[in-house]
Amino acid sequence: MAITVTEAAAFLHLHRYAALSTISGAGPQSAVVGIALTGDFEILFDTLTSTRKYANLRANPSAALLVWTGQATLQLEGDAREIAGAELEQRREVYFAKFPDGRERAAWPGIAYFAFQTRWLRFSDFSLDPPRIEELRLP
């Protein structure tokens, strides 16, 4: 049985943070970001325009996220795009529902929001015998 988007979403909803990996000219870089999942399986996060991850994503939107609990992990690969304007207004409430303090950060100079669209994911749970390891490609 393969993991479903519904199962992956349930796992993501249990978590507030993920490790985000981006690519720079010098190689990969990782940082922890607060995440919120939309109803259409996009993962929202914010950052400052002064960060390395912001510069990296503007130059190359390919990224990976890792969420974990104990021996269970969800790896996601996809593209992150900056959102603004009407789209941001529609989606930001999802982020604020998970991170109420995000309303205060919204007034910070240089705050930016991204929507991560998953292309591939792998769920692994090594606490099971045999381990559960399943992948899913998304359109």
**Item:** Geometric extent, Cα atoms of the chain - Rg, Dmax (angstrom)
**Value:** 15.1, 49
**Message:** Going by Cα centres, the stretch 1-18 and the stretch 68-137 are how many Å apart?
**Reply:** 10
**Asked** Under unit Cβ charges (Lys, Arg +1; Asp, Glu -1), what dipole magnitude, rounded to 20 debye, does the chain have relative to its Cα centre?
**Response** 340
**Message:** On a full-extension model of 0.36 nm per residue, what is the gain between residue 32 and residue 49, subtracting their alpha-carbon distance, rounded to one decimal in nm?
**Reply:** 4.6 nm
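No lab work stands behind these numbers, since they all come straight from the coordinates. Here the structure is a predicted model, which means the values were calculated and not measured. Cβ coordinates were reconstructed from backbone atoms using ideal geometry, including for glycine residues, and neighbour counts include every protein chain displayed.
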